[in-house]
Amino acid sequence: MIPHKLTLCLLIFFLQLTCFAQKKPPAGGKLAVVVDERLAALRATPQLNGKLVRRLSRGRLVAIRSSKTSTDSITFLLVNVSSRTHGWIQRDAVVSSSRPGDDRRLLTLIQRSDGFDCLARARIFLDHFPHSRLRSEVLLLLGDTAESLAAKLSQDAARRLSDDLGDAPEFSYYLNYTGLDRYNRQRVGFVFDKTTKRFHYDGAAWRELIRRYPKTSQAAEAKKRLGLVYSQLRME
């Protein structure tokens, strides 16, 4: 019989393998990632009224084969989505670490985004631009956005969990709240205060910022954020 801890480790291992398989990048060109799903229509021809092949979701990897500018000055990229699927996508929908300036373009998009969209695009930035000088700004934005969303998460969870919770500890229902799932998928975590029944951001991005970019102005701000959250938790 397999011990419980070993079973859990094996489950995590196979889940990681599955996740890796699903995110295997397509071949055939320089990699890019979809960051603006509003523009991510894959078309049969490089035209805004071209036949729709499919819509691509945010975070989807594509391989760039070539580019072409339409008569209305829109640049389209011919991309491979998989070994069987390809088409034309508007250049503005994707960014690539191989293209100078795309990190700045994505940062601008993140700054113009709100709530979960901001978090998801910040995560794409951190995953795909590991050497960008703008990472400290993105880490601070991610942490600040997550903490601002914690209040709404707390309210939503309290409303959804207002009925009889059963025999399990109350805090375990909150930490299993389904509203946290999409944040977990973005590797954004929250801590829960049992007394006030409130979530707070766990501070991972702020701590990474302080550790990796200690001399930046953003690191100084991150220290203030962590101090404020910790003081709230102690007072509460």
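The values are calculated or read from the model by the stated rules, or taken from the named source; none is laboratory data. Here the structure is a predicted model, which is why all the values come from computation and not from measurement. Don't worry about glycine lacking a Cβ; one is built from the backbone with ideal geometry, like all the others, and counts go over all protein chains shown. Heads up: the accessible areas ignore ligands, DNA and RNA and are worked out on the full protein's heavy atoms, side chains in. Shrake-Rupley method; radii C 1.70, N 1.55, O 1.52, S 1.80 Å.
Checking Ser154 against (1) touching a residue at least 24 places away in the same chain (Cβ under 8 Å); (2) within 16 Å of the chain's Cα centre (by Cα), which single condition isn't satisfied?
Of everything listed in (1) touching a residue at least 24 places away in the same chain (Cβ under 8 Å); (2) within 16 Å of the chain's Cα centre (by Cα), Ser154 misses just condition (2).
Within region 135-168, can you find the residues that are among the aliphatic types (A, V, I, L, M) and open to solvent by 20 Å² or more (accessible area, probe 1.4 Å)?
Hits for region 135-168 are Leu140, Leu141, Leu149, Ala151, Ala158, Leu161, Leu165, Ala168.
Going by the conditions given, is Ile89 of a type outside the set (Asp, Glu) and in contact (Cβ under 8 Å) with a residue 40 or more places away in the chain?
Yes, satisfied.
Output the residue which, of all residues in region 50-70 that are open to solvent by 90 Å² or more (accessible area, probe 1.4 Å) and free of Cβ contacts under 8 Å to residues at least 24 places away in the same chain, is farthest from Gln90 (Cα to Cα).
Lys51
Report yes if Lys24 is at pLDDT 95 or above and among the basic types (Lys, Arg), otherwise no.
no
Would you pick out the residues in region 110-134 that are among the aliphatic types (A, V, I, L, M), buried (at least 19 other Cβ atoms within 10 Å of the Cβ) and over 17 Å from Ala204 (Cβ atoms)?
Ile110
Within region 71-105, work out how many residues are over 24 Å from the mean Cα position of the chain (by Cα) and either open to solvent by 80 Å² or more (accessible area, probe 1.4 Å) or at pLDDT below 95 (or both).
Here the count works out to 6.
State yes or no: is Gly50 part of a loop (DSSP other than H, G, I, E, B) and either small (Gly, Ala, Ser) or in contact with a Ser or Thr (Cβ under 7 Å, 6 or more places away or on another chain) (or both)?
yes
Name, by its number, the condition in (1) farther than 30 Å from Ala219 by Cβ; (2) open to solvent by less than 10 Å² (accessible area, probe 1.4 Å) that does not hold for Pro46.
The one condition Pro46 does not meet is (2).
I'm told Thr195 meets every condition in (1) in a helix (DSSP H, G or I); (2) in contact (Cβ under 8 Å) with a residue 24 or more places away in the chain; (3) surrounded by fewer than 12 Cβ atoms within 10 Å (Cβ to Cβ) except one. Can you identify the failing condition by its number?
Of (1) in a helix (DSSP H, G or I); (2) in contact (Cβ under 8 Å) with a residue 24 or more places away in the chain; (3) surrounded by fewer than 12 Cβ atoms within 10 Å (Cβ to Cβ), only one is false for Thr195: (1).
Taking the conditions exactly as written (closer than 29 Å to Arg121 by Cα, open to solvent by 30 Å² or more (accessible area, probe 1.4 Å), modelled with pLDDT of 90 or more and in a loop (DSSP other than H, G, I, E, B)), does Arg182 satisfy them or not?
Here the answer is no, as Arg182 does not meet what is asked.
Taking Phe171 and the conditions (1) out of contact with any Leu (no Cβ under 8 Å at 6 or more places or on another chain); (2) in contact (Cβ under 8 Å) with a residue 24 or more places away in the chain, which numbered condition does it fall short on, given that it satisfies the others?
Every listed condition holds for Phe171 apart from (2).
Please state which of the following conditions Val229 fails to meet, knowing it meets all the rest: (1) exposed (fewer than 12 other Cβ atoms within 10 Å of the Cβ); (2) in contact with a His (Cβ under 6 Å, 6 or more places away or on another chain); (3) not aromatic (Phe, Trp, Tyr).
(1)
Give region 198-224 a look and list any residue that's assigned to a helix (DSSP H, G or I) and within 12 Å of Ala150 (Cβ to Cβ), or say none.
The answer is none; no residue qualifies.
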